[in-house]
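None of the figures in this text is laboratory data; all of them are computed from the coordinates on show. On a predicted model such as this, the values are computed, not experimentally measured, just so you know. Ideal geometry is used to build each Cβ from the backbone, glycine not excepted, and the neighbour counts take in all protein chains shown.
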Amino acid sequence: MTGVESRPARASFREATARRRLAAVLDPGSFREILPPSERVTSPHLAALDQPVAFDDGAIVGEGLLGGQKVFAAAQEGAFLGGAVGEVHGAKLAGLLSRAERERPAGVLLLLDSGGVRLQEANAGLLAVSEVMRAVLSARSSGVPVVALIGGGWGCFGGMGIVARCCDAVAMSEEGRLGITGPEVLETTKGVEELDASDRALVWRTYGGKHRYLLGEADRLVEDDVAAFRAAALDLLGRRREVGLGALDAAHRRLAARLFELGACADATEVWARAGVPEPARLPVLEVGEFLRAVASARRGEP
Amino acid sequence: MTASEILASLFPAGHSVREEGGLLAGTGGAPGAEVAVLGTALGLEVGVESALALAAGVLDVIRLHPGRPILALLDSRGQRMSRRDEVLGLNGYLAHLAEAVEVARRAGHRVIALVYGEASSGSALALGFMADEVHAVPGARLSVMNLPAMARVTKIPLERLEEASRASPVLAPGLEPYVRLGGVESVWRPPLAEALAAALARPAGPDRRAARGEERGGRLLARPVADRVRGGPAR
Amino acid sequence: MTRSWDTARRARAARLARARAVSPGRWAEPGRATALLEALLEPGDRVCLEGDNQKQADFLARSLAAVDPARVHGLHLVLSVLALPEHVELFEKGIARRVDFSFSGPQSVRLARLAGAGQIEIGAIHTYLELYARYFVDLTPRVALVAAQAADAEGNLYTGPNTEDTPAIVEATAFRDGIVVAQVNERSDRLPRVDIPGGWVDFVVQSPTPSAIEPLFTRDPAQVSEVQVLMAMMVVKGIYAEYGVDRLNHGIGFDTAAIELVLPTYAEELGLRGRICGHWALNPHPTLIPAIESGFVRSVHAFGSELGMEAYVAARPDVFFTGRDGSLRSNRAFSQTAGHYACDLFIGSTLQVDLAGNSSTATRSRIAGFGGAPNMGADARGRRHPSPAWLRAGEEARADPGAIPRGRKLVVQLLETFREHMEPAFVERLDAWDLARSAGMALPPVMVYGDDVTHVVTEEGIANLLLCRTPEERAEAIRGVAGYTPVGRGRSPAAVENLRDRGIVRRPEDLGIDKRRATRDLLAARSVKDLVRWSGGLYDPPKRFRSW
Amino acid sequence: METLSFEFPCPGPDAPRAAPALVGVVASGNLEVLVEPTAPPGRCRVVVSTSARGFGEIWEAVVRDFARRHAVSGLSISVNDAGATPAVVSLRLDQAVEEYLGRP
């Protein structure tokens, strides 16, 4: 029977709640939450708009073990207001990163699932995202690696898309999405000709994990499976990117080369063709393993 | 105010700042105490090319002029919204720009941002908000999204948003809300040169915006929540 | 004066002679399609404009809507699915006056408005089988405008996987001296197979654009909810396993998709493979793929096809009815017959159920019609062949042990107690009453009559109406699964507990179902991509369902 | 938003003291349920904050049936609801109590 091996026995990362993702990525039973739901640290801004709050404001932060090493971890709950960052949500993330600077765990894992700034708290949300960015860069500068895992239903957009690229490393699933201006916002502001947000194939080949991996914006491409994300997190923990002139110069050359080489491409399939992928149109249908082999020589970015 | 009016007021002794394609670059100030100037003009929406160019400007200052202060002048409606920018990974270019500013500050460059027009979203995050201090001139407008668009996206009635924005600084675009939230340290009034000199004279420190927001009553939870998380697990 | 016995034949000859002036040959110019119809049609004609669940004679519909109403008017339209804007336009322009149909789908609101304004006479809203039946009795089309995938020079038609209604329509028209006009997507010298012989077809016209098909039966597993998983578990354990249901039809909602998706997991665990869900009358639902691949499904006969399933169906000829070319051969008339007579169970979602068990999908402002659900969701009283499920149901229904043994079809209505926006699904009085009054219908449009319904399943439990002996008991059993709706809260707790003791109302815990297992993890596929994986890459989902 | 509070006596011994448990998420048609051992002995307390106004009676019926199904004496149940149907509410309440009791 052909179906037996194709049965999706994997525990989907995308389908799991933020809490379950954390529990599954970290060593079993090791997670200890800081400001747990029972503390009821909720958004002060939603009541005025007649919107329900969440006891954790959609951000779960704490510490645990990963392969026996002490790490800090945060997860955004994409189902609550699209994982968007408000005052409290952002302060929990920023606070965790600054705690990491002091306590120096083996690393900080950010399980990002967010549309960006929470519009219901617009200005406070924008500042919160900025504070998170600064806190990520500060933690890294102090030598604590920060790793982003992106595979939730909302992807990682707006300011959080910048936050992800401020980290040392990014692991994504094919289903994960990463960008700054998300498909709906792009369609709403620039028109359906610019990007048809209902064209899911277009959306995923523009923002999805495969394209990000090929560009070098994601360091690992993994299956939509909590165990695969856990393995990627373990692997990437040791992979630090220096915050300094040398690394910056190298990154600058890479980004300049991307623009020079691929800047004329308006669609991801053009990028793949120009990057030298054989049969680029096939990429979207390949399973992760096949995909990694198919793009091995064409991939841009660090190994 | 236009970029040239701002520059004239900031650098009465003259400057070499040029505007090209919405990007500002050059130096201002007296010989021996030059300030590197970079930034955006005419509301430039920052795309992949301009983000890279701004980062290149920061890198040059670090490499060629160790310790030289940087003034980031901001008039930008945000990041450029296009499919091509997304295909090429604009978020990564903006993160690179932000990291460049971080490296500059850590290398001992004072970085001051001055919003003299608009500041919004991606470009505000990657350039202006990465500075040691963010200031603005009267009439500056900082925003995420205007209220009618916000009403469409959140499906909250516009009247309700308007009503809520009268009571709280978190919703409406503008300058005053960002001052109250701690996002803008102060409003500079001419002569701007004095305000710049005073800012440059202050020592750099950690990100103080959440504390400012608390002092000014605009963000009462950001500082205490971050501190509680920083402090230790609740037991 | 001697009576003439061939008036229809002579009328046909006269019309064809007029039409030859427009199109001398069998193949008509697309640009002359409207002129051809003006030549063929006479005021008041009964016309079948093929509108199936999937395939639509859309080019001929547009051409008909463009005729001069002064020449062609007052037509009596017969068609199973009135789905295109052009269908409604015909009435707005006066080209057509009267309609007999089965289902109106997207045009249901406009239809209600036209009926309210007196611009349309509705003969009746039929079920599919009734409408086809009447094509052969008193609603025989004078002219049939049908759709096919391809035709050859002789007018032989290849319908592709969506054969659907075409054989029934052409059979009725061609053999009673009617005229058949077919639109095709392409002209081919060698057809993959012949579905309609060219001798039954008078004119063929190539449509400038291929007839549009919608993926009506594709349900994205990502949208199946936990509550639907719980209800699926109850159906599998409390009905399919209990009665040994091996021949069945499923509705097209997410509730039934959930059942299809727990067969390879939950039903497999219960050891039910080979015992349930072997033979189906069903469109090729993509959510059935895991159950096919894991060995539950042995055969599927289809009403129509489904976009994206072509290569998969062709690769599974042991399961599907296929032509020598490998493509699906569907036939709505035969499959509906199979669903009515050969299946032991029908299960479908509904919007409203009253205390008698009458079930309706009608709402006040729409005339949506029925389609085929009432044919399958009705006891086939003419049935004589036994099966264990049918006999068991009959036995449960038999009040008098001395009465003649007789079977019953299992007809299950599946619904959550509240719909979106907290609309209660259980009501004292169906909205169908109001619709009947406002649209001047002789009958309230009931989808499945209460006396045909054997089980009502909600998240709260299963009500077995077969075991109820009085109307009061039935009503109490329905209240017993109606949750917190006003109807449900009107229950007598003691009476419901009594029904539980007698097995008439069964809760998940009564069935030994652990509610904690009711999560999406129980679904054999949780995304469209999973379905593609199960199919070994053969299923090719339409663009809107793929994120790659 | 509407806030509903229910408190009622429960027969039987108090539920064991354990760490608070949270299940569910605040998303359209969904809810989160927090279970804590903070109600007075012999009583169960439920506080619901919901975006759907005017369903207090249904909430009360759902909550009472829930309390009948489980030993919830001594437990406080706090709910943030974004318009879930009673089917989903009952399922989450059951899951939350099972999660709470499933812990050491």
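Which whole-number percentage describes the relative contact order of chain C, with Cα contacts under 8 Å and a sequence gap of 6 or more?
Reported relative contact order: 14 percent.
Per residue of A:39-45, count partner chain C-beta atoms within 10 Å of its C-beta, then hand back the mean as an integer.
Per residue, the number of nearby Cβ atoms from other chains is 4 on average.
Given all pairs of different Cα atoms, what value in angstroms does the Kirkwood hydrodynamic radius of the range C:221-529 take?
When all Cα pairs of the range C:221-529 are included, the Kirkwood radius is 19.8 Å.
Going 7 Å from the Cα of C:Arg113 along its beta-carbon direction, which residues of the range C:47-83 have the amide nitrogen within less than 18 Å of the resulting point?
Answer for this model: C:82-83.
Write out the GluC sites (Glu not before Pro) in the range C:407-515 meeting two conditions: DSSP loop, and at most 14 other Cβ atoms within 10 Å of their Cβ.
Here the GluC sites (Glu not before Pro) that fit, given the DSSP loop and packing criteria, are C:Glu428, C:Glu509.
Compare the Cα positions of A:Ala54, A:Ala74, A:Gly29 along the charge dipole of the range A:25-101 (+1 at Cβ of Lys, Arg; -1 at Cβ of Asp, Glu; about the Cα centre) and return the one farthest towards the positive end.
Final value for the positive-end residue is A:Gly29.
With r defined as the distance between the Cβ atoms of A:Arg32 and C:Asp189 and R0 fixed at 56 Å, what FRET efficiency is calculated, to the nearest 0.05?
0.15
Under 5 Å between amide H atoms, partner at least 5 residues away or on a different chain: which partners does C:Thr322 have, H built in plane at 1.01 Å?
Amide H to amide H, under 5 Å and 5 or more residues apart or across chains, C:Thr322 pairs with C:Arg329.
So what's the Cα pair-distance distribution over the range C:148-275, bin width 5 Å, in %?
Going out from 0 Å in 5 Å bins, the range C:148-275 shows 2, 9, 16, 14, 9, 7, 8, 10, 11, 10, 4, 0 percent.
Rounded if a/c is under 1.5, else prolate if a/b beats b/c, else oblate: with a ≥ b ≥ c from the C-alpha gyration tensor eigenvalues square-rooted, which is the protein assembly as shown?
Verdict is prolate for the protein assembly as shown.
Work out the FRET efficiency for B:Glu159 and C:Ala66 from their Cβ-Cβ distance, taking R0 = 45 Å, and round it to the nearest 0.05.
So, using R0 = 45 Å, E works out to roughly 0.40.
Report the charge-dipole magnitude of chain C in Debye, nearest 20, computed about the Cα centre from +1 at each Lys and Arg Cβ and -1 at each Asp and Glu Cβ.
That gives a dipole near 700 debye.
Where does each of C:329-342, C:175-188, C:21-34 land if you order them by average Cβ count within 10 Å, highest first?
Values: C:329-342: 22.6, C:175-188: 20.1, C:21-34: 15.9.
Highest to lowest by the protection proxy: C:329-342, C:175-188, C:21-34.
State, as an integer percentage, the relative contact order of the range C:25-206 based on alpha-carbon contacts under 8 Å between residues 6 or more apart.
Relative contact order here is 23 percent.
In terms of the Cα gyration tensor, with a ≥ b ≥ c the square roots of its eigenvalues, is chain A rounded because a/c is under 1.5, prolate because a/b exceeds b/c, or oblate?
Working: a/c = 1.40, a/b = 1.32, b/c = 1.06.
Rounded, since a/c falls under 1.5.
In the range D:2-101, what % of DSSP beta bridges are antiparallel (nearest 5)?
75
Taking the dipole about the Cα centre of chain B, with the C-beta of Lys and Arg at +1 and of Asp and Glu at -1, give me whichever of B:Leu59, B:Gly32, B:Pro12 is farthest to the positive side.
Value computed over the given set: B:Leu59.
Remind me, relative contact order of the range C:221-529 in percent, using alpha carbon pairs under 8 angstrom and six or more residues apart?
Computed value for the range C:221-529: 21 percent relative contact order.
Measure nothing but the geometry: give the 0 to 90° angle between the long axis through the Cα atoms of A:226-237 and the longest principal axis through the Cα atoms of chain A, rounded to 10°.
90
I need the Kirkwood Rh of the range C:281-341: take the reciprocal of the average 1/r across all distinct C-alpha pairs and report it in angstrom.
Its Kirkwood hydrodynamic radius stands at 11.6 Å.
So what are the radius of gyration and Dmax for the Cα set of the range C:25-206, in Å?
Rg then Dmax for the range C:25-206, in Å: 15.2, 49.
Excluding C:Ala380 itself, calculate the net charge of residues whose Cβ lies under 13 Å from the Cβ of C:Ala380, where each Lys or Arg counts +1 and each Asp or Glu counts -1.
Numbers: positive: C:Arg247, C:Arg381, C:Arg383, C:Arg384, C:Arg406, C:Arg408, C:Lys409; negative: C:Asp344, C:Asp379, C:Asp452.
Local net charge: +4.
Using a 10 Å cut-off on Cβ to Cβ distances, tally the other chain neighbours for every residue of B:134-144 and report the average as a whole number.
Working: counts 2, 0, 0, 0, 0, 0, 0, 0, 3, 3, 14.
Partner-chain Cβ atoms within 10 Å, mean over residues of B:134-144: 2.
Tell me the label-point distance for the pair A:Ala11, A:Lys190, using the 7 Å Cα-to-Cβ offset, in nm and rounded to one decimal.
Result: 3.9 nm between the two label points.
Report, in debye and to the nearest 20, how large the dipole of the range C:25-206 comes out about its Cα centre when Lys and Arg carry +1 and Asp and Glu carry -1 on their Cβ.
280
Which residue, A:Gly90, C:Val88, B:Val115, has the largest displacement toward the positive end of the dipole of the protein assembly as shown when charges sit on each Cβ (Lys, Arg +1; Asp, Glu -1)?
Sorting the options by dipole projection puts first A:Gly90.
Kirkwood hydrodynamic radius, chain B, all distinct C-alpha pairs: what's the number in Å?
Across chain B, the inverse of the average 1/r is 18.5 Å.
Report, in debye and to the nearest 20, how large the dipole of chain A comes out about its Cα centre when Lys and Arg carry +1 and Asp and Glu carry -1 on their Cβ.
Dipole of chain A, to the nearest 20 debye: 860 debye.
What is the sum of charges, Lys and Arg at +1 and Asp and Glu at -1, for the other residues whose Cβ falls under 10 Å from the Cβ of C:Arg62?
Numbers: positive: none; negative: C:Asp58, C:Glu86, C:Glu89.
Its environment carries a net charge of -3.
What average count of beta carbons from other chains do you get within 10 Å of the Cβ of residues in C:450-462?
1
Could you work out the equivalent-ellipsoid semi-axes for the range D:2-101, taking the square root of 5 times each eigenvalue of the Cα gyration tensor, largest first, in whole Å?
Output for the range D:2-101: semi-axes of 21, 14, 11 Å.
So for the protein assembly as shown: antiparallel DSSP bridges make up what percent, rounded to the nearest 5? If you can, show how the numbers build up before the last one.
Values: 56 of 150 bridges.
In the protein assembly as shown, DSSP labels about 35 percent of beta bridges as antiparallel.
Compute the helix-to-body angle for A:122-141: its Cα long axis versus the longest principal axis of chain A, expressed 0 to 90° and rounded to tens.
With both axes taken from Cα atoms, the answer is about 80 degrees.
If we sort C:69-81, C:233-245, C:522-534 on the protection proxy, mean other Cβ atoms within 10 Å, highest first, what's the order?
Order by mean packing, descending: C:522-534, C:233-245, C:69-81.
For the pair A:Ala201 and B:Ala198, what calculated FRET efficiency results from E = 1/(1 + (r/R0)^6), where r is the Cβ-Cβ distance and R0 = 60 Å, to the nearest 0.05?
E(calc), rounded to 0.05, equals 0.60.
For all pairs of alpha-carbon atoms in the range B:181-229, what percent lies in each bin of width 5 Å, listed from the first bin to the last filled one?
P(r) for the range B:181-229, in whole percents per bin: 5, 19, 21, 20, 16, 11, 6, 2, 0.
What is the antiparallel percent of DSSP beta bridges lying wholly in chain A, to the nearest 5?
That works out to approximately 40 percent antiparallel.
List, largest first, the extents of the alpha carbons of the range B:1-101 along their principal axes, each in whole Å.
44, 31, 15
With the Cα gyration tensor of chain C giving a ≥ b ≥ c as the square roots of its eigenvalues, does the rule (a/c under 1.5 for rounded; else a/b larger than b/c for prolate; else oblate) give rounded, prolate or oblate?
It comes out prolate by the Cα gyration axes.
At what distance in angstrom do the alpha carbon centres of the range C:275-309 and the range C:1-45 lie from each other?
43
Net charge near C:Val143, counting Lys/Arg +1 and Asp/Glu -1 over other residues with Cβ under 13 Å of its Cβ?
Local net charge: 0.
Relative to the longest principal Cα axis of chain D, at what angle does helix D:56-69 sit, 0 to 90 degrees, rounded to 10?
30
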